[in-house]
Amino acid sequence: MIAAAILCWPALATAGPVYDVDLYALMSGTCRNVNIAGRSYTCKAVAYFHTLRGRSEFTVVLDDPADNSHIVSFSGESSPRTQDNLFELAVDRMLLKSSDRPRVDGLPVPLVEASTGSCRQVGSFVTRQVSSITCAATDRNGKTYELNFQSDGSPMTLRRLRQSSLPSERQRARQVAQLECRLKARAAKVLPRDTPAFVIRCLGEDDGKPSDEQR
């Protein structure tokens, strides 16, 4: 459910669960520094999301032994790219998700904290190569959030998604996909603490496969 929650965050933060993500990118590398409200973490996965509403998010799955559902997003309105190899995002809110958050339609609703800050990605979605991502933001209560991610040189996984308000049939299909990914994790003997990152990658791969209607 963690991957599904991430995919629905842009909508959950503003209204009902409308699935409006149209671009998804998963980066491979290492978080050299992740600081969330004064606490330091390592990360399990870093991904970028763009929505039909024109928002962008850098989302981090934290390696938190006390909470397997600890996920944060640096979120802001998308802005035009001024350089081919550089993307900058003005952050206006932090999305904070944990295991104790309330749920809508079974999906955790993130805590939205109004914030100011920025993210800077060195790399290009066109070439699928990114070298680094740095983010820094401060919320209205003075809490600070920082991310320093370094790529391992592998091409990012990039998916362009055709999205709309999903009917119940599509929702059921998504739930089946989640279960299949969890079964794959179990078959691969993935440790429980690594399962959220595994499911995110698994669903990203499935999103790139053509549906029966497209074949």
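With respect to being touching a residue at least 12 places away in the same chain (Cβ under 8 Å) and touching a strand residue (DSSP E or B) at 6+ places or on another chain (Cβ under 9 Å), S28 fits the description.
Restricting attention to segment 141-157, the residues that are part of a strand (DSSP E or B) and farther than 17 Å from T30 by Cβ total 2.
The criterion of at least 1 residues that are exposed (fewer than 14 other Cβ atoms within 10 Å of the Cβ) and among the β-branched types (V, I, T) is met by the following strands (runs of 3 or more DSSP E) wholly inside segment 23-140: 29-36, 39-51.
Every read-out reported here was derived from the displayed coordinates using simple, explicitly stated rules and does not represent laboratory data. Quantities reported herein were computed from a predicted structural model and do not represent experimental measurements. Ideal geometry is used to build each Cβ from the backbone, glycine not excepted, and the neighbour counts take in all protein chains shown.
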